[in-house]
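What follows is a short report on a single structure.
The values are calculated or read from the model by the stated rules, or taken from the named source; none is laboratory data. Predicted, not measured: the structure shown is a model, and the values here were computed from it. Here Cβ is always computed from backbone atoms with ideal geometry, including for glycine, and neighbour counts include all displayed protein chains.
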Ligand SMILES: Nc1ncnc2c1ncn2[C@@H]1O[C@H](COP(=O)(O)OP(=O)(O)OP(=O)(O)O)[C@@H](O)[C@H]1O
Ligand SMILES: [Mg+2]
C-alpha cells in the first residue's frame, strides 16, 4: 500500500481542463519530482495535494486516509513556496515555531524543536532575526524548517530554488535532499529544471499538458524515455531519420550510411536518436559538417549538421586531441548501447 | 533665481497656514483686557460641557477606529485574496461617503431606523450612539480602506495565507496574527484620519442630537468671543498630539523589528 495516492486526479478551470488523468502512487519516504514545461499543470497538482484547489474528479489519500475533502489546515502537509512566504512580522524562530504554536504545542516543547530545526538547516544563530535580514537562500531554508517543524506527513516544494542564483541553487538542492533523507519524509518537488530533477529525485514524473507522460527513476527517464515528449524534454536529443533495411537484425540506412543495431526493430520509417554523449568521432560513419565547437571545460561540445539535421555531440576534454574546426567534415559513429529507436510518426520507443 | 522663487513659495505657503493659526492663538490669549493670559483656556477647561463632549467624541473616535479596523481589514484582505476582480467595485463603494453628503446619510438613517420602524434605533440613546458610530465609520471608510489596501499591497497576501494554512492556521489566526500586524502602520494612518474626522464632525452628531464635541464647538462659537479661539487651539493641539502618538507607536513597532 502506497503512502500517498493520487487517484485519477482531474482539474478544470471553467472550460479548460488543466489536469487530465493524473494517477500516481508515492511510497513512504520517497522523493518525487514533477518535471515539465511551464503551464503543464505541476503547480495545480501540487495545490490539489495541499488542499488549495479542489479536484474536479479523483481522490487523494495520505496513509490510507482520504483527504480530498479536508481543508488545507487539516491535512498536516508542509509546503515551501517559490517566494519563501515567511511571515514578515515574526522572527525566524517564531516563523519556525508557528506551526507548533497553532498545533497547541506548549512553549517549553516548542523551543527545543525550533532549535533542532534551525540546527538542521544550518542556521542555529539566526533565531532572533527577522526574515528581511536574511539572504534569499537563508530565507528559503527557514521556510523549509518552518514547513518541517510540525512533522508533516508530506512535504511539498513548488520550485523552491527558482528565485535563487545558480550556485546557491545547487548547494541548497543538495541540502534539501540530505534533510529529506535524514527525516525520511515523503516529498514532492516541483521544478522545470531537468538537472535539478535528475540529480536529487528517487523518481521523476514528467508532465506534459496535464498528463503524467512517464514516471521513473532519473536513469530510466534519461536513458529509456517512453514518449517522444520525454525524450525531447529531458536532455538533448539528436535525431536521424532512418530507413529500415532489415527489421530482424536492425540494419538501417542513415544519411547514406548503413548501421547495424544488432537488435530487431519495427517496420520503418524510423527515427534513430542519441544523446550528445552517445556519439563518437570515427574514421567511418555518418558524415557530418562541423558548424561550431564549444569548449566547456570538462566537456567539449561539437555542433554539426548530419543527414539534414542539426546535431550536438559531447566528448570529454582531452588535452592532446585536436579539436575539429568549423567547416570540417567528420564521421559520427554510433555507440550501440546509446541509440534509441523512435517510431515515426508514433511516439513509441524500443 | 530659481532658488529664490522656491523660497518665496515656501514662505508664502507657510504664512498662508501659519498666520491664521498665530492669529487664533494670539486672539485666544487676549481675554483679559490689556494683557496676555490663559483665561480663555481656563474658562474652556473649567466648563463641564467641554469635558463631557470632548470625552464623548474621543470615545466615539476610538470606537470608530475599532469598528473601522474590524470592518475594513478582513474585507480588504478577502477582496485581495479571493475577489481581486471586485476590487475596483469595492474601491468605488468605499469612496461613496466622499460623494454623498453626511446629511443625506443621516436622514437615511433617521428614516430607516426611526421609532416606528422595525429596528427603532433612534428611540434610545444607546441605539442612537450605535447609529452615530456607524455613520462615523462610513465617513472614515474611504481613508481606512485606502490605507489598509495600500498596506496589503506591500505583501504577498496569497502566499502568506497559504503558508499559514498549510501550517494549520485558521482564518481568525491568519487575520489577527499575520495580516493585521503587517498592515499596522497603514491601519495607524487610517486610524489617525478617522480620529481627526470624528473629533470635528458636526452634521451627524447634531442631527442625531448626540452630545459630541462638534456641536459644542458650534454652540460656543455662536455665543462667546474668546473661548472658541481657545477651543480651536486645543482641538488643533489634540489632533497633532494624536498624530504624534500614532507616529510613535508605529515607530516603536518598527524598532521592535530592527532590534535583534
Ligand atoms: N486559478 C486558475 N484559473 C484558471 N486557470 C488556471 C488557474 N491556475 C492555473 N491555471 C492554468 O492551468 C495551467 C497549469 O498551471 P500550473 O500553474 O499548474 O502550471 P505549472 O506547470 O506549475 O507551470 P509553471 O512551471 O509556469 O509554474 C496553466 O495553463 C494556467 O494558465
Ligand atoms: Mg508552477
Those residues of the range A:324-350 which are in a loop (DSSP other than H, G, I, E, B) and either at pLDDT 80 or above or at positive phi (or both), in sequence order: A:324, A:325, A:326, A:327, A:328, A:339
Exactly one of (1) farther than 29 Å from residue B:252 by Cα; (2) at the interface with chain A (Cβ under 9 Å from one of its Cβ atoms) is unmet by residue B:184. Its number? (1)
Does the range A:107-116 contain any residue that is within 22 Å of residue A:47 (Cα to Cα) and within 14 Å of chain B (Cβ to nearest Cβ)? no
Within the bounds of the range A:222-237, is there any residue that is modelled with pLDDT of 90 or more, surrounded by fewer than 22 Cβ atoms within 10 Å (Cβ to Cβ) and at negative phi? yes
What number of residues in the range A:245-287 are free of Cβ contacts under 8 Å to residues at least 24 places away in the same chain, surrounded by fewer than 13 Cβ atoms within 10 Å (Cβ to Cβ) and not in a strand (DSSP E or B)? 3
Residue hits (the range A:146-178; within 12 Å of another protein chain (Cβ to nearest Cβ) and part of a helix (DSSP H, G or I)) are A:146, A:147, A:148
Of (1) in contact with a helix residue (DSSP H, G or I) (Cβ under 8 Å, 6 or more places away or on another chain); (2) away from every other protein chain (no Cβ under 14 Å); (3) surrounded by 14 or more Cβ atoms within 10 Å (Cβ to Cβ), residue B:209 fails just (3)
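Hey, among the residues in the range A:190-203 that are more than 12 Å from ligand 1 (Cβ to nearest atom) and farther than 13 Å from residue A:29 by Cα, which one's surrounded by the most Cβ atoms within 10 Å (Cβ to Cβ)?
A:197
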Would the range A:78-96 turn up any residue that is away from ligand 2 (no atom under 16 Å from the Cβ), at the interface with chain B (Cβ under 8 Å from one of its Cβ atoms), at pLDDT 90 or above and under 26 Å from residue A:3 (Cα atoms)? yes
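Find the strands (runs of 3 or more DSSP E) located wholly in the range A:1-107 whose residues include 3 or more that are surrounded by fewer than 22 Cβ atoms within 10 Å (Cβ to Cβ), in contact (Cβ under 8 Å) with a residue 40 or more places away in the chain and away from ligand 1 (no atom under 12 Å from the Cβ), and list them. Break it down into steps so the answer makes sense when it comes.
Working: elements: A:4-13, A:16-26, A:31-35, A:57-62, A:77-80.
Of the strands (runs of 3 or more DSSP E) lying wholly inside the range A:1-107, those with at least 3 residues that are surrounded by fewer than 22 Cβ atoms within 10 Å (Cβ to Cβ), in contact (Cβ under 8 Å) with a residue 40 or more places away in the chain and away from ligand 1 (no atom under 12 Å from the Cβ) span A:4-13, A:16-26, A:57-62.
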Count of residues meeting criterion [closer than 19 Å to residue A:123 by Cβ and more than 16 Å from ligand 2 (Cβ to nearest atom)] in the range A:146-161: 6
Quick check on residue A:55: is it farther than 24 Å from residue A:180 by Cα, within 13 Å of ligand 2 (Cβ to nearest atom) and in the same structural domain as residue A:220 (by TED's automatic domain parsing)? no
Name the helices (runs of 4 or more DSSP H) wholly inside the range B:1-104 in which the number of residues that are exposed (fewer than 14 other Cβ atoms within 10 Å of the Cβ) and at pLDDT 90 or above is 1 or more. B:2-28, B:48-82, B:87-99
What's the total number of residues in the range A:10-21 that are within 16 Å of ligand 2 (Cβ to nearest atom), within 10 Å of residue A:55 (Cβ to Cβ) and either modelled with pLDDT under 90 or more than 20 Å from the chain's Cα centre (by Cα) (or both)? 1
Of everything in the range A:179-190 that's more than 16 Å from ligand 2 (Cβ to nearest atom) and not in a helix (DSSP H, G or I), which residue is farthest from the other protein chains (Cβ to nearest Cβ)? A:184
